[in-house]
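The values are calculated or read from the model by the stated rules, or taken from the named source; none is laboratory data. On a predicted model such as this, the values are computed, not experimentally measured, just so you know. Note that each Cβ is placed from the backbone with ideal geometry, even for glycine, and that neighbours are counted across all protein chains shown.
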Amino acid sequence: MKNPQNISIRSGDAAPLVEARGLTRRDAQRGQILLHPTDFALEAGQRVVLTGPSGSGKSVFLRALALLDPADGGTLLWHGQPIARAQIPSYRRHIAYLRQRPALIDGTVEDNLRFPWSLAIYRGSGFDAARVTSLLEAAGRGSDFLARDSAELSGGEAQIVALVRVLQLDPEALLLDEPTASLDPESARTVETLIAHWFERERTARATVWVSHDPAQAQRVGTRHLTMRAGVLSEAADTSSAPLPANGAPQ
C-alpha cells in the first residue's frame with residue numbers, strides 16, 4: 001500500500017477547518033483503490049484548486065471530504081475534532097458541497113432559496129431577503145429574478161440559484177465539483193465572481209476547494225494547487241499569499 005500523501009499546510013496554531021488523515025476510498029464491488037491513503041488540511045483563508053485527468057479520483061476525494069460517501073479508512077476532523085454521527089448535518093451545512101449539475105425543486109427561484117430554511121437543521125434561522133438580494137446583485141441579477149420559474153432557467157442561471165442557496169447559509173468552506181464545466185464562458189465567470197464575492201466578505205475565515213479541468217480557470221480561482229492522478233494527491237508550490245484583485249473578482 002502506498003504511504004499516505006501528506007498534503008498539509010498549517011498557518012499558526014489554529015486547527016484546520018477540515019483535516020483528512022489517511023483518508024481512503026475503495027470500489028466496493030471491484031476492490032479497486034479509488035483514493036490512496038491521503039492526508040490533507042484545509043486552512044481558513046485558502047483557495048485550493050484540484051486538477052487532474054478524468055477518472056483520477058478528484059470527485060471521489062471531494063465527496064469523501066463532504067461526508068457524502070463513506071470512507072474505507074482514515075479519519076476526518078472538523079476544527080481538530082472527529083465528527084460524530086449526530087454532527088454530520090451541521091458539518092454538511094458548514095462544509096458545503098456544490099456539484100456540476102444542480103438539483104432544483106419545482107417552483108420559483110425564491111421557493112428554491114427558501115427551501116433550506118424548512119429543514120430541521122436550520123430551525124431558529126430564516127430567509128434573509130437582504131442577504132439574498134446582495135448575493136444576486138453580485139451575480140448580476142435583480143430582485144425580479146426571484147419570481148422566475150426554476151424550470152425555465154438556463155444552466156448558468158440554475159447554477160447561480162444553487163450557489164446562492166448554499167451561500168446564504170454562510171458556510172465555512174465550499175467544495176466545488178466542477179460547478180462551471182457545463183456552462184458558457186459568461187455564466188462561468190459569473191459563478192466565479194459570485195464565489196469571490198462570498199470569499200472576500202470574510203476571507204480569513206473561509207476557504208474553497210475547486211475541482212476544475214480548465215487551466216486558465218485554475219489560475220483564476222486558486223492560490224494553492226493540487227493534482228490527482230490514479231487516486232494519489234500531490235501538491236504544487238504554494239502561492240497562497242497571492243492576493244485577489246481589489247474588487248475581489250477573479251481576473
(Q) Suppose we filter the range 110-141 for residues that are over 22 Å from Asp184 (Cβ atoms), part of a helix (DSSP H, G or I) and either among the hydrophobic types (A, V, I, L, M, F, W, C) or out of contact with any Lys or Arg (no Cβ under 8 Å at 6 or more places or on another chain) (or both); how many remain? (A) 15
Q | Hey, Asp144 loosely packed, with under 14 Cβ neighbours inside 10 Å, assigned to a helix (DSSP H, G or I) and either acidic (Asp, Glu) or touching a His at 6+ places or on another chain (Cβ under 8 Å) (or both) or not | A | yes
Q: Could you tell me whether the range 151-163 includes any residue that is over 14 Å from Arg99 (Cα atoms), free of Cβ contacts under 8 Å to residues at least 60 places away in the same chain, touching a helix residue (DSSP H, G or I) at 6+ places or on another chain (Cβ under 7 Å) and hydroxyl-bearing (Ser, Thr, Tyr)?
A: no
(Q) So if I check each of Arg85, Arg93, Arg123, which one is at pLDDT below 95, touching a helix residue (DSSP H, G or I) at 6+ places or on another chain (Cβ under 7 Å), charged (D, E, K, R) and more than 24 Å from Pro215 (Cα to Cα)? (A) Arg93
Q.
Among the residues in the range 147-156, are any part of a loop (DSSP other than H, G, I, E, B), among the basic types (Lys, Arg) and modelled with pLDDT of 95 or more?
A. yes
Q: Confirm whether Asp106 is part of a loop (DSSP other than H, G, I, E, B), surrounded by fewer than 18 Cβ atoms within 10 Å (Cβ to Cβ), free of Cβ contacts under 8 Å to residues at least 60 places away in the same chain and not hydrophobic (A, V, I, L, M, F, W, C).
A: yes
Q: Read through the list (1) surrounded by 15 or more Cβ atoms within 10 Å (Cβ to Cβ); (2) modelled with pLDDT under 95, then give the number of the only condition that Gly74 fails.
A: (2)
Q. Pick from the range 34-54 the residues that are touching a residue at least 40 places away in the same chain (Cβ under 8 Å) and in contact with an Asp or Glu (Cβ under 8 Å, 6 or more places away or on another chain): which of them is surrounded by the fewest Cβ atoms within 10 Å (Cβ to Cβ)?
A. Ala44
Q: Grab the strands (runs of 3 or more DSSP E) fully contained in the range 8-95, keeping just those with 1 or more residues being more than 17 Å from Pro171 (Cβ to Cβ) and more than 19 Å from the chain's Cα centre (by Cα).
A: 18-26, 33-42, 73-78
